[in-house]
Amino acid sequence: MWKIFGILLLSLFINNFAEAQSVVPAVIIGRDTVPHVLLGEVDVVARIKNPRKYARQQQRNQRMIYNVRKVFPYAKIAAAKINEIENQLAQVNSELKRKQIIKKEYKELMQTFKQPLMKLTVTQGKILVRLIYRETNNTSFNHIREYKGTVNAYFWQSLALLFGNNLKADYEPEGRDREIEQIVRTIEKENLGMK
């Protein structure tokens, strides 16, 4: 009796297993038969290991974008002004005329940019110094030394060091300033698109 019951039970499972199998469409490539199945679309979403850390990183990135966008126009203006001053000084032979041009340009720059630049944060100042190097291929320290003299340059350098900045800072687009470079390129692409 148990043998008959076991055979019936087994035949039920085998019958269900045989019905569960289905034929899959296939494609014949050469001598191989390859199954051809269309899969549904799947969205892959990475699990955030530490949401607070991710949120802090997003805030930091947004702050960096804000800071670069704020100081990049000043760096562009500084580069244009330095080129303009260089062109004026190239046409002058006497030291007296040279000093007059520098004094006049310095006075104009102070009237125009003293208030906005005083409102910059320390981080924005650091970014500005690096962007000036990017635009002019020379440090802010060297520009001050060239136009205002060595004593003035060292005075401003020591003042900058007190606030955690360095006027001798260079720009490394492939190194520590990679993030700034990406933001600047994005800004430049946006400006080209607007023209």
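Can you confirm whether LYS103 is in a helix (DSSP H, G or I), closer than 19 Å to ALA75 by Cβ and basic (Lys, Arg)?
The answer is no for LYS103.
Tell me which residues, restricted to the stretch 140-194, are open to solvent by less than 70 Å² (accessible area, probe 1.4 Å), touching a helix residue (DSSP H, G or I) at 6+ places or on another chain (Cβ under 7 Å) and over 20 Å from ASN67 (Cβ atoms).
Within the stretch 140-194, PHE141, HIS143, ILE144, TYR147, ASN152, ALA153, GLN157 qualify.
List pairs: first residue in the stretch 166-187 and more than 15 Å from LYS126 (Cα to Cα), second residue surrounded by 13 or more Cβ atoms within 10 Å (Cβ to Cβ) and aromatic (Phe, Trp, Tyr) anywhere in the structure, Cβ distance under 6 angstrom, at least six positions apart or on different chains.
ILE187/PHE72
So GLU108 passes all but one of these: (1) loosely packed, with under 14 Cβ neighbours inside 10 Å; (2) assigned to a loop (DSSP other than H, G, I, E, B). Which condition number does it fail?
(2)
Would you mind stating whether LYS103 is under 23 Å from the mean Cα position of the chain (by Cα), among the basic types (Lys, Arg) and within 21 Å of ASN142 (Cα to Cα)?
no
Scan the stretch 128-138 and tell me whether some residue there is touching a residue at least 60 places away in the same chain (Cβ under 8 Å) and surrounded by 12 or more Cβ atoms within 10 Å (Cβ to Cβ).
Yes, the stretch 128-138 has at least one match.
What is the residue count in the stretch 112-127 for residues that are within 24 Å of the chain's Cα centre (by Cα), loosely packed, with under 12 Cβ neighbours inside 10 Å and charged (D, E, K, R)?
1
Being surrounded by 15 or more Cβ atoms within 10 Å (Cβ to Cβ) and of a type in the set (Ser, Thr, Tyr) is the filter here, so list the residues in the stretch 56-100 that pass it.
Answer for the stretch 56-100, where residues must be surrounded by 15 or more Cβ atoms within 10 Å (Cβ to Cβ) and of a type in the set (Ser, Thr, Tyr): just TYR74.
If you check every pair at least six apart or on different chains, which have Cβ atoms under 8 Å apart with a residue in the stretch 104-121 that is farther than 18 Å from ILE144 by Cα first and a residue that is open to solvent by 60 Å² or more (accessible area, probe 1.4 Å) second?
Final answer for the pair search is LEU120/LYS70.
The values are calculated or read from the model by the stated rules, or taken from the named source; none is laboratory data. Remember, predicted model here, so these are calculated numbers, not experimental data. Note that each Cβ is placed from the backbone with ideal geometry, even for glycine, and that neighbours are counted across all protein chains shown. Areas reflect the complete protein model, heavy atoms only, side chains present, ligands, DNA and RNA absent. Shrake-Rupley method; radii C 1.70, N 1.55, O 1.52, S 1.80 Å.
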